[in-house]
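Taken together, the values in this text are just the output of simple stated rules run on the coordinates, not laboratory data. Quick caveat: nothing in here was measured; it's all calculated off a predicted structure. Here the Cβ is made from the backbone with ideal geometry for all residues, glycine too, and neighbour counts use every protein chain on show.
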Amino acid sequence: MSEEFRAGFACFVGRPNVGKSTLMNALVGTKVAITSSKPQTTRRVIRGVVHRPDAQLIIVDTPGLHRPRTLLGERLDSLVLSTLTEVDAIGFCVPANEPIGKGDRFIADKLAAVKKTPVIAVVTKCDLVSREKIGEQLLAVSQLAEFDEIVPVSARSGEQLDVLGDLLIARLPESPPLYAGGELTDEPEQVLVAELIREAILEGVRDELPHSIAVVVEEMQPREGRDDLLDVYAHMFVERPSQKAIVIGHKGERLKEVGTRARAQIEGLLGTRVFLDLRIKVAKDWQRDPKQLRRLGFYD
């Protein structure tokens with residue numbers, strides 16, 4: 001491996017709903033973070049990994065930084081601010097289609113206090129405005145603070161994504177890869193959703209079959225034509241028909257309770273409304289079947 005190989009962390013910050021998660025997904029090349037037009041969709045730190053022959057860029061997507069009005073908001077902001085001190089570069093995202101506001105100035109002031117980490121201003125959503133408007137926004141951003149670079153991009157069209165990647169990677173230290181095996185994220189949304197569903201089932205059935213349930217999220221995507229509703233299709237696997245009856249309960253009441261509890265937890269995690277479709281399948285003795293174990297995500 002070349003001695004000039006670089007690897008490190010960069011994070012995107014910005015007020016809610018400026019396209020941080022969409023930008024990370026575009027750079028990684030696949031959906032590793034949930035996206036929605038609803039602010040505060042991201043409620044935790046998510047990492048996406050960009051693999052190149054000369055570098056490995058780990059992008060840290062953070063919740064939107066804003067003046068908190070709740071305890072949750074305070075904790076989310078604390079999470080973001082702690083992340084800023086742990087990365088090698090920061091991308092400050094400002095959308096091209098909205099005027100600079102108090103929220104952007106608030107974040108620019110916060111970033112000014114991070115003395116040792118280079119900050120690149122990223123003007124997002126450039127596919128939504130004219131070239132003239134992009135130029136005006138670049139000028140407005142330049143007046144917010146002193147930035148290492150300012151780059152306009154579009155995650156939707158892919159414009160300038162390679163330039164942004166190069167700028168971030170140039171600021172990473174020389175290092176061997178930090179993630180092996182071509183990983184694109186270390187914490188997929190679907191895994192977390194599956195775990196929330198399994199937790200809801202176990203709460204519902206208590207001690208009756210705690211180790212016999214596996215959950216796989218088969219599909220998770222925004223409802224067509226809607227940006228405020230996420231469709232989640234999941235299968236729950238049990239080992240025997242008698243266990244299936246336990247999960248369903250009398251006249252389906254237990255399954256209904258499980259779905260209600262799981263949906264509330266998933267909506268809290270993802271920050272958007274959820275339609276949850278739960279199906280139960282019997283996978284006989286799956287805990288002892290290597291083939292079924294692999295299918296259910298339990299690898300060797």
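Of note:
- Approximate spin-label separation Glu149-Glu195, in nm, with each point projected 7 Å along Cα-to-Cβ: 3.5
- The order of Ser130, Ser21, going from fewest to most other C-beta atoms within 10 Å of their C-beta, is Ser130, Ser21.
- Approximate spin-label separation Gln221-Asp166, in nm, with each point projected 7 Å along Cα-to-Cβ: 3.4
- The simple spin-label model puts a point 7 Å past each Cα toward its Cβ; for Arg240 and Glu257 those points are separated by 2.2 nm.
- Phi angles across region 218-226 convert, under the Karplus curve 6.51 cos²θ - 1.76 cosθ + 1.60 with θ = phi - 60°, into 3J(HN,Hα) values of 7, 7, 8, 7, x, 4, 4, x, 10 Hz, Gly and Pro given as x.
- Just so you know, the Cα atoms of region 189-295 work out to an Rg and Dmax of 13.9, 43 Å.
- The lysines whose alpha-carbon is closer than 29 Å to the alpha-carbon of Lys284, local same-chain residues fewer than 8 away aside, are Lys244, Lys251, Lys256.
- With neighbour counts taken as other beta-carbon atoms within 10 Å, the residues Lys244, Lys125 rank, fewest first, as Lys244, Lys125.
- Each residue of region 14-26 was assigned a 3J(HN,Hα) from its phi angle through the Karplus curve 6.51 cos²θ - 1.76 cosθ + 1.60 (θ = phi - 60°); the sequence is x, 5, x, 6, 9, x, 5, 5, 4, 5, 4, 4, 5 Hz, with glycine and proline shown as x.
- In terms of surrounding Cβ atoms within a 10 Å radius of their Cβ, Asp289, Asp54 rank from fewest to most as Asp54, Asp289.
- Candidate lysines for bridging to Lys133, where Cα separation is under 28 Å - those fewer than 8 sequence places away on the same chain excluded: Lys20, Lys38, Lys102, Lys110, Lys125
- Part-to-part distance (alpha-carbon centres) for region 101-161 and region 225-300, which is given in Å: 42
- Remark: the Ala113-His51 segment gains 19.3 nm on full extension, using 0.36 nm per residue and subtracting the alpha carbon distance.
- Per-residue extension of 0.36 nm, minus the Cα-Cα distance of Ala264 and Asp228, leaves a gain of 11.5 nm for this segment.
- Applying the Karplus relation 6.51 cos²θ - 1.76 cosθ + 1.60 with θ = phi - 60° to region 243-260 yields 3J(HN,Hα) values of 6, 4, 5, 5, 5, 5, x, 5, 6, x, 5, 5, 4, 4, 5, 4, x, 5 Hz, where x marks Gly and Pro.
- Applying the criteria of a DSSP loop state and at most 12 other Cβ atoms within 10 Å to the GluC sites (Glu not before Pro) of region 117-168 yields Glu146.
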